[in-house]
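The values are calculated or read from the model by the stated rules, or taken from the named source; none is laboratory data. Every value quoted in this text rests on a predicted model; they were computed, and no experiment measured them. No Cβ is skipped: glycine too gets one built from the backbone with ideal geometry, and neighbour counts run over all protein chains shown.
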Amino acid sequence: MEEVRIKLGFTPRAWQAFVFRNILRFAVLVVHRRGGKTLLAIMKLIHEALKCPRERGQYAYIAPELKQAKGIAWDYLKAYATRVPGAIVNESELSVKFPVEAGLSGAKIRLFGADNPNSLRGYYFDGAVVDEVAQMKMELWGEVLLPALADRQGWVLFIGTPHGINLFSKLYFDGLHDATWFAKSYTYLDTKALPEEEVERMRASMTPSQFKQEMLCDFGASDDNALIPQEACRAAVNVLLEPTMYEYAPRILGVDVAWTGGDRSVVIKRQGLMSWEPKVYAGIPEKTFANNIATLWNEWRPAACFVDVTGGYGGEVLSRLQDAGYDARGVKFSWKPSNEKFLNLRAEMWFKMAEWVKGGAKLPNNETLIAELSSPTYANSNAANRLQIESKDDIKKRLGFSPDMADALALTHAFEVYQEDVIDLTRGPEAKSMADVSRFRNGR
């Protein structure tokens, strides 16, 4: 097919250009209201339809209802698609068809409603955009849309704004944990799409939960008992720390060992207010994971290393490290906390971490970590009236993922590590006693 250049008159913002350059076959975009996600999606459809390599290319824009699709996207589609010479608009079908000439393959873009998923059965799509996904039925993706993409190896882009826990939140969180997916979230701070005075007007008119949901893309905004707000996590990502602001503090490793086959083993480094990109391992044996921790230990020389051994899952990793002379220490989430207002040590660790995040900490710019940190809720609905954090199993049931990264970071807050007893960095793992490494308050 000969190359054809057609100017459509669309200049993407920086975040939109990034998406165009990096998007994968399966993608989910969480974008605040009036951020430009629908226009981006329409331009993606037009771009792909114009360069479709197959005959009878078919592309779809799908909204919760057909009238909603028309109200949201039809004017955009007509305005830009008709800049292609020979494009044919069908108002009754809500479609645009490009000509089979001048290097074009005659692909069609059509609007659909998802209120009756069965009405989409039988179609094939080379590509599809699914908008306002939070309002759609759970079966739309697996039972209807995925098969429609299969024979043409088509792509899909899910877009929307959070509205609780539903198909959209599941796709986003699943996408964050799947390397074959492109999953990104853009708040009003990221897109710069709205004037500051408009944002402030919206903030003043909305409830705090509404603003968090609509403008900060917080899936847990309706949960007033979320322990760490997503806004606090994103603020921590933007913190700038000079080395002198954390180099004095002891270095600590947190190690969360996979509980089940779908979970991941994670190691994360923290020094004072500073934390680094987590190292994630999936599907590796305990021996290999322990060797990876030992390699990191030799490179970074931590003062302490806390390994989750809840339920016995991390026991082999811990024993291999200790047998090799590394003074790693096991931690059970169910242990008694130092402060009686908490139900267990896990709750105490998470509340300490929450104070750390809100108190000037620096987080890596990692979407998965942010999602995990801002997802758990807290309560005191137990017989002892003590604060507790949502369990790992309950989070997995509710959201479909385990907060492995966040738990690894929480483990760095398991016990106090005192700087005056930090290990001599010239020494290796031959230091056998925990007293040679660091002193812990409330040790077990």
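Just a few scattered comments:
- From the options Glu48, Glu65, Glu93, residue that is in the same structural domain as Gly127 (by TED's automatic domain parsing), of a type in the set (Asp, Glu) and free of Cβ contacts under 8 Å to residues at least 40 places away in the same chain: Glu93
- Residue among Phe26, Phe20, Phe10 that alone is within 21 Å of Ala193 (Cα to Cα), in contact (Cβ under 8 Å) with a residue 24 or more places away in the chain and within 24 Å of the chain's Cα centre (by Cα): Phe20
- Residue within the range 215-236 that is modelled with pLDDT of 95 or more, within 30 Å of Ile284 (Cβ to Cβ) and of a type in the set (Val, Ile, Thr) present: no
- Arg398 meets all of the listed conditions (1) in a loop (DSSP other than H, G, I, E, B); (2) at pLDDT below 75 but one, namely (1).
- Residues in the range 311-328 that are crowded, with 20+ Cβ neighbours inside 10 Å and out of contact with any Leu (no Cβ under 8 Å at 6 or more places or on another chain): Gly314, Val317, Leu318, Leu321, Tyr326, Asp327.
- Taking the criterion of being of a type in the set (Lys, Arg) and either surrounded by fewer than 16 Cβ atoms within 10 Å (Cβ to Cβ) or without any contact (Cβ under 8 Å) to a residue 24 or more places away in the chain (or both), the only residue of the range 170-196 that qualifies is Lys192.
- Selection within the range 340-370 - among the basic types (Lys, Arg) and touching a Phe, Trp or Tyr at 6+ places or on another chain (Cβ under 7 Å): Arg346
For every residue, the table says whether it meets (1) touching a Pro at 6+ places or on another chain (Cβ under 9 Å); (2) modelled with pLDDT of 95 or more.
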{"site": "Ser119", "(1), (2)": "no, no"}
{"site": "Gln135", "(1), (2)": "yes, no"}
{"site": "Glu139", "(1), (2)": "yes, no"}
{"site": "Val144", "(1), (2)": "yes, no"}
{"site": "Ile159", "(1), (2)": "no, yes"}
{"site": "Ser169", "(1), (2)": "yes, no"}
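- Condition check for Arg441: modelled with pLDDT of 50 or more and closer than 17 Å to Phe342 by Cα: no
- If you go through the range 311-328 and keep only what is closer than 15 Å to Asp256 by Cα and out of contact with any helix residue (DSSP H, G or I) (no Cβ under 7 Å at 6 or more places or on another chain), you end up with Gly311, Gly312, Tyr313, Gly314, Gly315, Leu318, Ser319.
- Output for the range 73-95, where each listed residue is under 15 Å from Lys51 (Cα atoms) and surrounded by 18 or more Cβ atoms within 10 Å (Cβ to Cβ): Ala81, Val84, Ala87
- Residue check, Ser105 assigned by TED's automatic domain parsing to the domain that holds Met43, of a type in the set (S, T, N, Q) and either free of Cβ contacts under 8 Å to residues at least 24 places away in the same chain or over 25 Å from Arg54 (Cα atoms) (or both): no
- Tally of residues being surrounded by fewer than 20 Cβ atoms within 10 Å (Cβ to Cβ) and in contact with a Leu (Cβ under 8 Å, 6 or more places away or on another chain) across the range 156-169: 1
- For the range 187-226, a residue qualifies if it is in a loop (DSSP other than H, G, I, E, B) and under 17 Å from the mean Cα position of the chain (by Cα), and the qualifying residues are Thr187, Leu216, Cys217, Asp218, Phe219, Gly220, Ala221.
- Residue match in the range 38-47 (condition: of a type outside the set (Gly, Ala, Ser), crowded, with 21+ Cβ neighbours inside 10 Å, out of contact with any Cys (no Cβ under 9 Å at 6 or more places or on another chain) and more than 18 Å from Ile109 (Cβ to Cβ)): no
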